[in-house]
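Just below is one structure, and these are the notes that go with it.
The values are calculated or read from the model by the stated rules, or taken from the named source; none is laboratory data. Just so we're clear, the structure is a prediction, and the values are computed from it rather than from any experiment. Backbone-built Cβ (ideal geometry, glycine too); neighbour counts: all protein chains shown.
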Number of protein chains: 2
Amino acid sequence: MVRYKAIIAYDGTNFSGFQRQPNGRTVQAELEALLTRMADGQPIMIHGSGRTDAGVHALGQVIHFDFPYERSLERMRYALDTQSPEDIAVSSVEQVTEAFHARYLVVEKTYQFKVDIGKPRSPFRRHYASYYPYPLDLERIRQALPDLLGTHDFTSFCASGSSVDDKVRTIHEASMVVNEAGDQLTFTFRGDGFLYKMIRILVGTLLKIGNGRLAVDSIPGIIAGKDRNLAGPTAHPEGLYLAKVCYEADADN
Amino acid sequence: MVRYKAIIAYDGTNFSGFQRQPNGRTVQAELEALLTRMADGQPIMIHGSGRTDAGVHALGQVIHFDFPYERSLERMRYALDTQSPEDIAVSSVEQVTEAFHARYLVVEKTYQFKVDIGKPRSPFRRHYASYYPYPLDLERIRQALPDLLGTHDFTSFCASGSSVDDKVRTIHEASMVVNEAGDQLTFTFRGDGFLYKMIRILVGTLLKIGNGRLAVDSIPGIIAGKDRNLAGPTAHPEGLYLAKVCYEADADN
């Protein structure tokens, strides 16, 4: 068996998320079915850096899988890219040792979240950005963002029902840019890991701050309270992108 | 009856084009059905600046229609925007006199055409840019573009079967920009009017020049030959956007 690591992108619109499930089209099931065909019917399982929910996109999801034959990397990439459905792209494939694991060895993940703030809502972004039609003071959001940096217990920003015990995470970057036309925000969050729906709750909270319904300096108190009810609503999945996953060797990329 | 002019945008992916037809979902039929409901069942017909083909998008298509009641402009715009399907947006509505006609009085149209030149093809642009995976020398395209400017008989760039007799058109702008990432081209064509599939044939020809399979200086000869077979292939519809339509009073906008 040869272990391959691949970087993939997908448009999450028509997927019921990344992870295989009994019903619903998933990224994992599509790629496993393709790899199993490429391996002449030997069942191949893929491991992702983590799941993404229905409607959530990926620019740089990382997977690994063990394949019974050695293939040239570009031949493997091309086969996966062109034979997978058109809403999945395979950017790169490399051979790794059996020590590599796409989920266990993650040291840093970067997510982006896009918000359409134009009027009217762009028909071209309806699946690719969350829509926010209410007044926003972007300066308030810019002031609040640094309060997220550092190591905190992010219980207040974790969807209830999560089975994870340790909710301490470190955020290295929390930023926002506005596009030239002034009708789209892109948030970037980079950290050692994120809790279930954490990015979407962070964005929902920041938008509530921008809209004036939460104080500019409310984030430290929300974190300290360790109560999901203190934070803002969960932003819609269509704005969320898993942008990059880093492992020890390339964490400084 | 009150005549309204509206600027609309639509994602052409799931439409069989703009114009009403017996079978297939169209922009015209969706908006007419909505306006007819808003007029308590009195049939309302809309007129567009021109048709767009299946898969072709619009950023600034212009329509007009006669409505039996006077409505505040923002109320009319909001109703049309929010009650129409989510792949149609209504940017603005204004009241016009009966002298206005969305098709007959056009003095200038602007189209854009997007080409995805990244590897692999972006899953996010599969419906919003045509994919060109072959080598391109962009400098060759830049050199060829000015040969399209001015007043010419564009018979060679018109799809065969067009019933239009006069194929003389004037192109005021023919330009190309590359995005920052270097993986997408955007062509802009502005002129007094364009023939059936003309933009798509222009782009197909320019890409063939960029790829080296047509000479950099071949456009004058293609125009002079008045033969569709001399030009390049017809680029795919998903890259094409009707960007702007100007009328006499606002032609200098």
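So A:Ser156 clears everything in (1) touching a residue at least 60 places away in the same chain (Cβ under 8 Å); (2) in contact with a Leu (Cβ under 6 Å, 6 or more places away or on another chain); (3) closer than 28 Å to A:Asp11 by Cβ except one condition, right? Which one?
Here A:Ser156 clears every test but (3).
Which of the following residues is assigned by TED's automatic domain parsing to the domain that holds B:Ala235 and either touching a strand residue (DSSP E or B) at 6+ places or on another chain (Cβ under 9 Å) or at pLDDT below 95 (or both): B:Tyr69, B:Tyr111?
The unique qualifying residue is B:Tyr111.
Scan the range A:242-253 residue by residue and report those that are surrounded by fewer than 18 Cβ atoms within 10 Å (Cβ to Cβ) and outside any helix (DSSP H, G or I).
If the condition is that a residue be surrounded by fewer than 18 Cβ atoms within 10 Å (Cβ to Cβ) and outside any helix (DSSP H, G or I), then A:Ala251, A:Asp252, A:Asn253 are the ones that fit.
Report yes if A:Asp40 is out of contact with any helix residue (DSSP H, G or I) (no Cβ under 8 Å at 6 or more places or on another chain) and on the phi > 0 side of the Ramachandran plot, otherwise no.
yes
Taking the range B:95-149, which residues are in contact with a Ser or Thr (Cβ under 6 Å, 6 or more places away or on another chain), closer than 16 Å to B:Val178 by Cβ and β-branched (Val, Ile, Thr)?
Correct list: B:Val115 only.
Output the residues belonging to the range B:60-97 that are under 22 Å from the mean Cα position of the chain (by Cα), more than 16 Å from B:Ala33 (Cα to Cα) and within 12 Å of chain A (Cβ to nearest Cβ).
B:Gln61, B:Ser91, B:Ser92, B:Val93
Name the residues in the range A:2-21 that are assigned to a strand (DSSP E or B) and within 11 Å of another protein chain (Cβ to nearest Cβ), would you?
Scanning the range A:2-21 gives A:Ile7, A:Ile8, A:Ala9, A:Tyr10.
Do the conditions hold for B:Thr52, that is, is it β-branched (Val, Ile, Thr) and part of a loop (DSSP other than H, G, I, E, B)?
Yes, satisfied.
Examine the range A:178-191 for a residue that is crowded, with 18+ Cβ neighbours inside 10 Å, without any contact (Cβ under 8 Å) to a residue 60 or more places away in the chain, over 16 Å from A:Arg228 (Cβ atoms) and touching a helix residue (DSSP H, G or I) at 6+ places or on another chain (Cβ under 9 Å), and state whether such a residue exists.
There is no residue in the range A:178-191 that is crowded, with 18+ Cβ neighbours inside 10 Å, without any contact (Cβ under 8 Å) to a residue 60 or more places away in the chain, over 16 Å from A:Arg228 (Cβ atoms) and touching a helix residue (DSSP H, G or I) at 6+ places or on another chain (Cβ under 9 Å).
Any residue at all in the range A:28-46 that is part of a strand (DSSP E or B) and either more than 14 Å from chain B (Cβ to nearest Cβ) or crowded, with 21+ Cβ neighbours inside 10 Å (or both)?
From the range A:28-46, those part of a strand (DSSP E or B) are A:46; that's our starting set.
Now narrow it down to the ones that are either more than 14 Å from chain B (Cβ to nearest Cβ) or crowded, with 21+ Cβ neighbours inside 10 Å (or both): A:46.
Within the range A:28-46, one or more residues are part of a strand (DSSP E or B) and either more than 14 Å from chain B (Cβ to nearest Cβ) or crowded, with 21+ Cβ neighbours inside 10 Å (or both).
Given the condition in a strand (DSSP E or B) and closer than 30 Å to A:Leu80 by Cα, answer yes or no: does some residue in the range B:76-98 qualify?
Within the range B:76-98, none of the residues are in a strand (DSSP E or B) and closer than 30 Å to A:Leu80 by Cα.
Quick one: which residue in A:Pro22, A:Pro85 is within 24 Å of B:Asp116 (Cβ to Cβ) and either without any contact (Cβ under 8 Å) to a residue 24 or more places away in the chain or not assigned by TED's automatic domain parsing to the domain that holds A:Lys244 (or both)?
A:Pro85
Tell me, which strands (runs of 3 or more DSSP E) wholly within the range A:101-199 include 1 or more residues that are away from chain B (no Cβ under 14 Å), under 27 Å from A:Asp217 (Cβ atoms) and of a type in the set (A, V, I, L, M, F, W, C)?
A:106-116, A:168-178, A:184-191
Which of the numbered conditions does A:Leu206 fail, given that it passes all the others? Conditions: (1) in a loop (DSSP other than H, G, I, E, B); (2) touching a residue at least 60 places away in the same chain (Cβ under 8 Å).
(1)
Of the numbered conditions (1) free of Cβ contacts under 8 Å to residues at least 24 places away in the same chain; (2) in contact with a strand residue (DSSP E or B) (Cβ under 6 Å, 6 or more places away or on another chain), A:Ala33 fails exactly one; give the number of that condition.
(2)
Can you work out which of the residues in the range A:216-241 that are assigned to a loop (DSSP other than H, G, I, E, B) and of a type in the set (Val, Ile, Thr) is surrounded by the most Cβ atoms within 10 Å (Cβ to Cβ)?
A:Thr234
Quick one: in the range A:115-140, of everything that is in contact (Cβ under 8 Å) with a residue 40 or more places away in the chain and crowded, with 21+ Cβ neighbours inside 10 Å, which residue is farthest from B:Ser84 (Cα to Cα)?
Checked the range A:115-140; the qualifying residue farthest from B:Ser84 (Cα to Cα) is A:Val115.
Here are the criteria: (1) under 20 Å from A:His236 (Cα atoms); (2) touching a Ser or Thr at 6+ places or on another chain (Cβ under 7 Å). Tell me which single one A:Glu173 does not satisfy.
Condition not satisfied by A:Glu173: (1).
Answer yes or no: is there a residue in the range A:151-171 that is under 18 Å from A:Leu136 (Cβ atoms) and surrounded by 14 or more Cβ atoms within 10 Å (Cβ to Cβ).
Here is the first cut: in the range A:151-171, the residues under 18 Å from A:Leu136 (Cβ atoms) are none.
No, that holds for no residue.
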